[in-house]
Amino acid sequence: MSIDKFEAKTKDVGGIPVARLLPQPKRRTIGAWCFLDHAGPSEFDEDSLGLQVGLHPHCNLQTFTWMLEGEVWHQDSLGYRQLIKPRQVNLMTAGTGNQRGISHTEQTPEGVHDLHAVQLWIALPMNKEIEPNFEHYPELPEWTESGIDYILTTGSYLGHKAPTTQFSELVGVDMQFKQAQVFSIEKQPHFEYGILVLKGELTVNGIKYCADELAVLSDCANATGELDLFATEGTHLMLLGGEPLPHPTVIWWNFVADTAENLVKAVEDWNNGHARFGDINLDGTILTRLRAPEVPSKFLK
Ligand code: MN
């Protein structure tokens, strides 16, 4: 097993500063998890509109929102409009291939002045025919064990199972520590894992990780050496794991594909208003339709 430490880059998403942990130049994915933003915790000014993300498309991925504080309206081209609240997951499936896609908006509701969320993408297995969909999970398995409060957002963990739809094997576990303690994680030998610190301090084999730092555990089947884990009181972690996909994934803007040519096609289709991404009527809203930037030439070797 190898352990690598990654720090976040700060980005602006719809007016909110976020800590981006994936993708990294030296680490693209953890299993099929291919994008990881930690947004907030943020308090908005009274006159701020909070998060306002205009209409944008996705393909060959699922957006996975794990809400911790605040609320966000989701609206998509399939006709779903869903408010997400703390301890809930929104899962939007863009579908696979060159003929499928989805588009959506995200907005802080009027009167809401905070936001804390983990925003993830899951790359879809592009060797499967997967249709676009949207699912909302208002209740997830929650339990307390050995001083740790767990919420299982997807997959199976310590005998619990989340209802969340999966197209490749994944796990996502929210963990909060009531006291300082050593602990262990349940590992599958064919998974890769990441542990993101949302708050507090984690120690992995003597190396400290603070908020917005990510420990990535790979080659887990080769279990040489111990994994010593320690968290301080009040620490809040997100454990992510998954089985690597059988094909490469490339990411540009809001698109995932298996080849750069398919990224170029997605950019052209969206900017030309192709029906694969659907539409939402933005009349009477402050939102705009976002234009996709051209795929950089470095992708097209
Ligand atoms: Mn999106």
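The values are calculated or read from the model by the stated rules, or taken from the named source; none is laboratory data. Just so it is clear, the structure is predicted and the values come from calculations on it, not from any experiment. Because the Cβ atoms are built from the backbone with ideal geometry, glycine has one as well, and the counts that use them run over all protein chains shown. Please note that ligands, DNA and RNA were not included when accessible areas were found on the heavy atoms of the full protein model with its side chains. Shrake-Rupley method; radii C 1.70, N 1.55, O 1.52, S 1.80 Å.
Key figures for this structure:
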{"quantity": "Within region 94-107, considering residues that are open to solvent by less than 10 Å² (accessible area, probe 1.4 Å) and away from the ligand (no atom under 12 Å from the Cβ), the one nearest to Thr288 (Cα to Cα)", "calculated": "Gly95"}
{"quantity": "Residue list for region 50-67, filter: within 10 Å of the ligand (Cβ to nearest atom) and among the aliphatic types (A, V, I, L, M)", "calculated": "Val53, Leu55, Leu61"}
{"quantity": "Matching residues in region 27-49 - criterion: being among the small types (Gly, Ala, Ser) and crowded, with 23+ Cβ neighbours inside 10 Å", "calculated": "Gly31, Ala32, Ala39"}
{"quantity": "Residue check, Ile16 farther than 23 Å from His247 by Cα and either open to solvent by less than 10 Å² (accessible area, probe 1.4 Å) or within 14 Å of the ligand (Cβ to nearest atom) (or both)", "calculated": "yes"}
{"quantity": "Flag if Leu21 is open to solvent by less than 10 Å² (accessible area, probe 1.4 Å) and away from the ligand (no atom under 16 Å from the Cβ)", "calculated": "yes"}
{"quantity": "So Val256, is it of a type in the set (A, V, I, L, M, F, W, C), within 16 Å of the ligand (Cβ to nearest atom) and without any contact (Cβ under 8 Å) to a residue 40 or more places away in the chain", "calculated": "no"}
{"quantity": "Positions within region 57-69 being over 15 Å from the mean Cα position of the chain (by Cα) and open to solvent by less than 10 Å² (accessible area, probe 1.4 Å), in sequence order", "calculated": "Pro57"}
{"quantity": "Count of region 108-125 residues which are more than 13 Å from the ligand (Cβ to nearest atom) and more than 21 Å from Arg81 (Cβ to Cβ)", "calculated": "7"}
{"quantity": "Conditions (1) more than 20 Å from Leu22 (Cα to Cα); (2) modelled with pLDDT of 95 or more; (3) open to solvent by 10 Å² or more (accessible area, probe 1.4 Å); number of the one not met by Ala231", "calculated": "(3)"}
{"quantity": "Per-region count, region 187-205, residues open to solvent by 10 Å² or more (accessible area, probe 1.4 Å), without any contact (Cβ under 8 Å) to a residue 60 or more places away in the chain and within 21 Å of the chain's Cα centre (by Cα)", "calculated": "5"}
{"quantity": "Residues that are in contact (Cβ under 8 Å) with a residue 24 or more places away in the chain, open to solvent by 80 Å² or more (accessible area, probe 1.4 Å) and not aliphatic (A, V, I, L, M), drawn from region 262-300", "calculated": "Asp279, Thr288, Arg289, Glu294"}
{"quantity": "Breaking point among (1) open to solvent by less than 60 Å² (accessible area, probe 1.4 Å); (2) in contact with a helix residue (DSSP H, G or I) (Cβ under 9 Å, 6 or more places away or on another chain); (3) of a type outside the set (Lys, Arg), for Leu217", "calculated": "(2)"}
{"quantity": "Among the candidates Pro57, Pro41, Pro17, residue that is within 21 Å of Met175 (Cβ to Cβ) and assigned to a strand (DSSP E or B)", "calculated": "Pro41"}
{"quantity": "Single residue of Val118, Val173 found to be touching a residue at least 12 places away in the same chain (Cβ under 8 Å), more than 26 Å from Gly54 (Cα to Cα), open to solvent by less than 30 Å² (accessible area, probe 1.4 Å) and within 14 Å of the chain's Cα centre (by Cα)", "calculated": "Val173"}
{"quantity": "Flag for Leu78 being open to solvent by 10 Å² or more (accessible area, probe 1.4 Å) and either assigned to a strand (DSSP E or B) or in contact (Cβ under 8 Å) with a residue 12 or more places away in the chain (or both)", "calculated": "yes"}
